[in-house]
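*Asks:* First, the structure itself, so that you have it in front of you.
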Amino acid sequence: MSLGPRGLAAAAVAAVFAAALLLAWKGNAVLEKVLYLRYGGTLPPPSYPAPRDAAEANRQDLDYLAGLTRVDRSFSPEASARFAEKVRALHARADSLSRAGLFLGVAEAVALADNAHTNVNPAMWRALFDSLPVRFVWFADGLYVVRATTDHAELLGAHVLAIDGIEPARWAEIARRFFGGTPEHARSLSAVIMEAPAILHEIDNRAPGDRVRLRVQDSAGRERAVEVAAMPRKDAPPMVKAGRVALAEPLPGEKAGEWRALLADPPRVPAVLSEPEKTLYAEREAGDRVLYLHLWQIRESVPGSLANALREALGPLQWRRIVLDLRFNAGGEYDTVYPVVKNLGSHLTDDGRLVVLTDATTFSAAIITAALAKYYLPGRTRIVGEKAGDRLAFWAEGTSITLPNSKVRIDISTGYHDWAHGCREVRCWWPNYFYGVAAGTIDPDVVVGWRFADYARGVDTVLERALD
């Protein structure tokens, strides 16, 4: 397909900026400003009068929401039309919409973009609604309780078989209506729905709005039914990044002595859950020339440089195997690791291999890191674990908007990425004219998930398989 003179001119301009970015990007105010002008578009702040009632507040929020597709570039023309139709339908019901009804309607409308970076911000589900005094985590063999208040500590380690009469796997399928992107992405976030009784009631009015009815199974295989009441959102810990719920240590917002973690006294802390306060955790297998690197996020270390921290961990040795663990990594800024990942082959022996670990929480810049690793070490990189939480072609790089009355924050996307085929189109995130590669796929070569019984005894199923 020909771009035409105007498209070619725009592509040429983008290429010039990409060349400049090669020389200087971070810290260069002019280049940062250029990128902001190209990708930082958002809606003007809302300027509505104080609403007279809940119905008018709903209408104002929906009027503001209607402008989303003017700034978010991830909507196709067809998705944009469906979005407008959905917003009109919500507007027609503004008088009868509950808080949860408005929230779910907004989430469902935004998710029509089918882009994992264009969604109601996941933290909103916990910030705006009461939640359970227990926390769920998905494992390869189902949904389990891994944190609970002391009043519900007997549920720690319980296998959740049903929530309000519906299996967790079905709730994860329902979650796809409210989270754009892949099924893996929706499943990884679905716990925030299952932990919010008001949300469950809005989806299925047979569910009570202030508690949930659980059917659980203990380690001996005994099943029982239990009701768990919601705790006020002002008392509940905020949502944390992927993987943190599975930690042994207290989480932000957990009052001392009020919450307990299943792994509070683990036989050993799995490497993937070690030192979450850092950007990088490194561990060497004694005498085996194997280096394990877990990146909690793709951002500069505090203090110092992430690239330098990786170089220090790699050291002067050549490794028989390097394990690059990108699970529980929601992304960041991939240029921080680009030069090290590109050069990883020089740190391997002639018969050495790179093993990259992924799961449904591997997202954004973490997915890009996996793509870079596979591209620059063709034939020597193995992907082990579960499918990552997004496609290799996606929209990102945007800002956000906040609805004026409900305070629902929506993440928007303005720059296109394609790490399967490479990205050289005008719509692409311009730095990718330099950084972009065509990795093809990062689907696992070896599919394996973390089993709950292994987690409970401090063993990482996926890492054990990767080292096998």
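*Asks:* List the relative contact order of the chain as a percent without decimals, with contacts defined as Cα pairs under 8 Å and 6+ residues apart.
*Replies:* Worked out over the chain, it gives 17 percent.
*Asks:* Sorted by packing (mean other beta-carbon atoms within 10 Å per residue), highest first, where do 258-264, 131-137 land?
*Replies:* 131-137, 258-264
*Asks:* Sorting GLU195, GLU464 on the 10 Å Cβ count, fewest up front, what's the list?
*Replies:* GLU464, GLU195
*Asks:* Hydropathy first: keep DSSP H helices in the chain averaging at least 0.5 on Kyte-Doolittle, then drop any whose Cα extent along the axis falls short of 20 Å, and list what survives.
*Replies:* The qualifying helices are 4-23.
*Asks:* Given points 7 Å out from each Cα along the Cα-Cβ axis, report the ARG177 to ASP350 separation in nanometres with one decimal.
*Replies:* If labels sit at ARG177 and ASP350, their model points lie 6.1 nm apart.
*Asks:* Could you list which residues have their amide H under 5 Å from that of ARG353, counting only those 5 or more apart in sequence or on another chain, with H placed in the peptide plane?
*Replies:* Distant-sequence amide H within range of ARG353: ARG321, ILE322.
*Asks:* Here is a follow-up. Go ahead and run the numbers for FRET between ARG222 and ASN343, Cβ-Cβ distance against an R0 of 56 Å, rounding to 0.05.
*Replies:* 0.55
*Asks:* If you don't mind, there's one more thing I want to ask. Compute the distance in nm between two label points, each set 7 Å from the Cα along the Cα-to-Cβ direction, one at ARG268 and one at ALA123.
*Replies:* A separation of 3.5 nm, rounded to one decimal place.
*Asks:* Just going by the charge dipole of the chain, with Lys and Arg at +1 and Asp and Glu at -1 on Cβ, which of ALA140, ALA261, LEU161 is farthest out on the positive end?
*Replies:* The listed residue farthest towards the positive side: ALA140.
*Asks:* Now for a separate question. For the peptides 450-463, 82-95, 38-51, what is the packing order when you average, over each peptide's residues, the other Cβ atoms within 10 Å and list the highest mean first?
*Replies:* 450-463, 82-95, 38-51
*Asks:* Pull out the extension gain between ALA153 and ARG88, defined as 0.36 nm times the separation in residues minus the alpha carbon to alpha carbon distance; nm, one decimal.
*Replies:* The ALA153-ARG88 span can extend by a further 18.9 nm.
*Asks:* Tally the DSSP beta bridges in segment 284-379 and give the antiparallel ones as a percent, rounded to 5.
*Replies:* For segment 284-379, the DSSP antiparallel bridge percentage is about 15.
*Asks:* Can you list the aspartates and glutamates whose alpha carbon is less than 20 Å from that of LYS234, not counting same-chain residues fewer than 8 positions off?
*Replies:* ASP130, ASP151, GLU195, ASP210, GLU254, GLU258
*Asks:* Using the count of nearby Cβ atoms within 10 Å as a rough guide to exposure, how do LYS387, LYS33 rank from fewest to most?
*Replies:* Exposure proxy ranking, most exposed first: LYS33, LYS387.
*Asks:* Let me ask another. Between LYS33 and ARG427, what's the calculated FRET efficiency when r is the beta-carbon distance and R0 is 25 Å? Round to 0.05.
*Replies:* Once the sixth-power term is evaluated, E becomes 0.80.
*Asks:* Further question: Once amide H atoms are built 1.01 Å from N in the peptide plane, which residues 5 or more positions from HIS421, or in another chain, come under 5 Å H to H?
*Replies:* Sorted by chain and number, the residues that satisfy this are ALA439, GLY440.
*Asks:* Under unit Cβ charges (Lys, Arg +1; Asp, Glu -1), what dipole magnitude, rounded to 20 debye, does segment 104-159 have relative to its Cα centre?
*Replies:* Magnitude of the dipole: close to 160 debye.
*Asks:* Give me the number: length gained by fully extending GLU277 to LYS255, i.e. 0.36 nm times residue separation minus the C-alpha to C-alpha distance, one decimal in nm.
*Replies:* 6.0 nm
*Asks:* Among the DSSP beta bridges whose two residues both lie in the chain, what percent are antiparallel, rounded to the nearest 5?
*Replies:* Looking only at bridges with both residues in the chain, the antiparallel portion is about 65 percent.
*Asks:* At 7 Å along Cα-to-Cβ for each site, give me the label-to-label distance between ARG233 and ASP210 in nm.
*Replies:* It works out to 1.7 nm between the two label points.
None of the figures in this text is laboratory data; all of them are computed from the coordinates on show. What you see is a predicted model, and the numbers here were worked out from it, not measured in a lab. Reconstructed Cβ throughout: ideal geometry from the backbone, glycine too, with neighbour counts over all protein chains shown.
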